[in-house]
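This report refers to the structure that appears directly beneath it.
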Amino acid sequence: MFGGSAMTAQAIIHDSIDAAVRRRAREHADDIAVVDPYRHLTWSDLDAAADRLAATLAAQGVGRGDRVAWLGPNVAAYPITVLAAWRRGASIVGLNLRLPAADLAAMTQAVRPAHLVYEAHYSELAAALDVPGRTVVAPDDEIWPPIVSAGDARVDRAAIDTDADDEALIYFTSGSTGHPKAVPLTRGAIEATLPYAAVHRFDENSRALVIPPNFHAAGATWANYGMYIGMRLVYIADTSPAGIADAIVEHGITHILMVPTLIHSLLGELREHPRALPSLQHVGYGASSITQQLLGDAIGLLGCEFAQVYGLSETGGGVAFLEVEDHLGDHPERLSSAGRPGAGIDVEVRGPDGSVLAAGESGELWFRSPCVTRGYLDNPDATARVLVDGWFNTRDIGFLDDDGYLYVQGRSDDMICTGGENVHPQVVEEVLAAMPGVEECAVFGTPDPHWGQRVCAAVIATKPISEADVIAWCTERLGRFQVPKSVVFLDELPRTATGKVKRSALSV
């Protein structure tokens with residue numbers, strides 16, 4: 001078992017995110033806290049708006065143990081809603097606005113929120129959801145046209161009794177391997193994630209561009225980091241590569257978090273339309289594997305710090321971190337790892353019989369930490385499959401080296417079993433991604449009457465290449481059983497809302 005990285009730990013958490021915002025509003029009232037396409041909010045604005053919405057929620061009976069759902073894009077209204085819900089002792093549920101109305105209605109029914117806060121652009125989608133209370137905000141209105149007006153409201157700022165075991169937030173799994181499941185996290189779990197902000201070297205002067213959606217663990221976690229540390233959160237409407245590059249310049253962005261596909265696209269934009277990004281200090285990345293070629297290109301072109309985060313919705317966000325120093329050290333082989341577990345996080349690699357495997361041996365990755373969920377909402381069968389004695393089974397396959405660095409080889413659900421051999425898609429993808437003319441790729445299995453499964457590849461090409469070219473390239477670099485037998489060429493890969501490739505949607 002390995003536990004605890006060399007990550008520099010922040011001070012022990014003495015108060016909540018909400019208390020940190022209160023303090024910031026007192027001590028730095030006029031500093032900018034949140035920027036979105038419609039407004040700039042100071043810390044005083046943020047605090048007051050959260051109080052007004054909390055008063056609205058109170059007037060509609062929302063209290064401790066209730067849930068407040070948020071439906072909207074990445075805008076300032078999201079952190080306001082989070083704070084307001086927590087001030088009422090309620091938890092926050094981010095809804096995936098990219099889903100069809102029927103799917104969203106089913107997810108909403110599963111979590112049974114007492115109140116829905118939504119942006120006016122999504123009124124039609126909101127109308128399909130069965131939620132007792134509702135608050136709508138129009139982007140061009142004064143923030144939170146209040147049911148209880150700002151001028152005469154007696155906002156009760158007394159803290160509602162809560163404890164670390166109270167539910168604070170619900171994520172939904174990405175659905176990359178099936179239907180999304182609701183993942184509740186406690187207040188204690190959320191606060192236990194805060195020291196890991198140190199990986200990104202934020203401070204009060206940082207300006208973080210939050211690209212991942214707020215209903216995803218990455219986007220929500222960075223919002224929490226911003227409110228706790230006191231840095232500026234920046235949300236933009238145009239998240240195209242050009243829009244991101246422009247925003248970095250316009251807002252003096254110091255920190256950004258991106259998935260590898262977006263890093264690839266941003267590099268393409270900067271090569272085609274060169275511009276300097278002098279303010280950019282740090283790029284965080286994660287959610288899917290990154291090729292060594294792409295990582296090297298990004299470090300070379302952007303010229304700033306890089307840090308990788310590995311985690312899941314069920315682990316409350318990051319549990320392993322490839323830190324800035326790891327990208328600069330004398331061990332380039334570690335760049336293909338996910339880093340080491342954070343302080344207070346234990347990891348074990350287990351075999352099919354549940355035994356703990358030695359360093360260098362591949363198996364399923366199990367984590368234990370205060371950040372881990374206590375189970376899927378109203379789904380004891382699914383919970384029993386992944387949670388055992390406080391340990392969470394990620395169903396990811398990987399191994400630890402002698403120094404405690406974690407190497408993730410793929411998901412057990414994605415493993416391709418062909419002719420008695422196991423093929424990790426990520427191993428094949430790493431080889432394919434280095435082939436000239438391959439922009440993106442994904443490897444997956446399809447049923448085969450003789451071999452059980454056959455290895456197949458989906459490729460996005462930047463120049464004419466054939467199936468025979470791909471097979472020949474892989475044959476020179478992989479074992480025979482790992483070489484794709486079929487190749488399909490696509491214009492884009494199917495993805496979940498959080499950017500993960502949806503292999504179940506691939507076919508040849």
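Tabulated values for the structure
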quantity	calculated
DSSP bridge pairs, the range 162-253: antiparallel proportion in percent, nearest 5	60
Efficiency of FRET between GLU204 and GLU250 - r from beta-carbon atoms, R0 22 angstrom, step 0.05	0.60
Qualifying trypsin sites (Lys or Arg not before Pro) for the range 75-134 [loop in DSSP, other Cβ within 10 Å: at most 14]	ARG98
Virtual spin-label span in nm between ASP491 and ASP413, 7 Å along Cα→Cβ	2.8
All lysines inside 16 Å of LYS463 as judged from Cα atoms, apart from same-chain residues fewer than 8 positions distant	none
Extension gain from ALA242 to ARG64, taking 0.36 nm per residue of separation minus the Cα-Cα distance	59.8 nm
Alpha-carbon centroids, the range 60-139 and the range 250-295: separation in whole Å	31
Distance (nanometres) between label positions extended 7 Å along Cα→Cβ at GLU421 and ALA505	3.1
Gained length - VAL388 relative to ASP330, 0.36 nm times residue gap less alpha-carbon distance	17.1 nm
Lys, Arg +1 and Asp, Glu -1 on Cβ, resulting dipole of the chain about Cα centre, debye, nearest 20	680
Degrees separating the helix 217-229 axis from the principal Cα axis of the chain, which is the longest one	50
Efficiency of FRET between ARG39 and ALA106 - r from beta-carbon atoms, R0 30 angstrom, step 0.05	0.35
Amide H partners (placed H, <5 Å) of VAL75, local residues excluded	none
In sequence order, calculated HN-Hα J values of the range 478-488 (Karplus, 6.51, -1.76, 1.60; Hz; x Gly/Pro)	10, x, 4, 5, 8, 6, x, 8, 9, 10, 10
Lysines with Cα under 21 Å of LYS502, excluding same-chain neighbours fewer than 8 positions away	LYS181, LYS485
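All of the numbers you see were taken from the coordinates with simple rules; none came from a lab. None of these values were measured; they are calculated from a predicted model. All Cβ positions, glycine included, derive from the backbone under ideal geometry; neighbour counts span all protein chains shown.
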